[in-house]
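One structure below.
The values are calculated or read from the model by the stated rules, or taken from the named source; none is laboratory data. The structure presented is a predicted model; accordingly, all values stated were derived computationally and were not measured. Virtual Cβ from ideal backbone geometry, glycine too; neighbours counted across all protein chains shown.
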């Protein structure tokens, strides 16, 4: 993934001068005020929060989350339809990079939690906000300490995590 730098003002690109607006013009545009009493639409649109859904694929828990928050853009790994490991892995990692938040849910239907652990670790390395919900009370949970520690917030139920999305 490469990053591009903004063009330099001293690069001789005269078109940059035409794109510059004063602070007063920017304020008028953002509030819809214009000279002569005309109203102009705001120039900046808010983008919806993007949340990647990490967790088991068998219990359809994602449907509950999506239904509870229609204002959020969800990246749901069930939607890609890939069966080849390299394809679904690349899709999942790309979706995590694109997301603002990762909601990781470890339910009792998740056979191992290995994929969830990788997704949480990757999100942590990228500096993403991680919400972790775990309803699995089996003895194997003692091995998910790193997942809990990598998470910004942990919940003991999916319902609490769904409610937690309201605080973002």
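A few points about this structure:
- Among residues that are within 18 Å of residue 52 (Cβ to Cβ) and part of a helix (DSSP H, G or I), residue 132 is not included.
- Scanning region 106-159 for residues that are without any contact (Cβ under 8 Å) to a residue 12 or more places away in the chain and closer than 17 Å to residue 96 by Cα turns up 114, 118, 125, 127.
To keep it simple, each residue is scored yes or no on (1) part of a helix (DSSP H, G or I); (2) within 12 Å of the chain's Cα centre (by Cα).
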residue: 97; (1), (2): yes, yes
residue: 115; (1), (2): yes, no
residue: 123; (1), (2): yes, yes
residue: 137; (1), (2): no, no
residue: 141; (1), (2): yes, no
residue: 146; (1), (2): yes, no
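- Checking residue 46 against (1) buried (at least 18 other Cβ atoms within 10 Å of the Cβ); (2) free of Cβ contacts under 8 Å to residues at least 40 places away in the same chain, the condition it does not meet: (1)
- Residue 70 being modelled with pLDDT of 75 or more, in contact with a strand residue (DSSP E or B) (Cβ under 6 Å, 6 or more places away or on another chain), outside any helix (DSSP H, G or I) and over 19 Å from residue 157 (Cβ atoms): no
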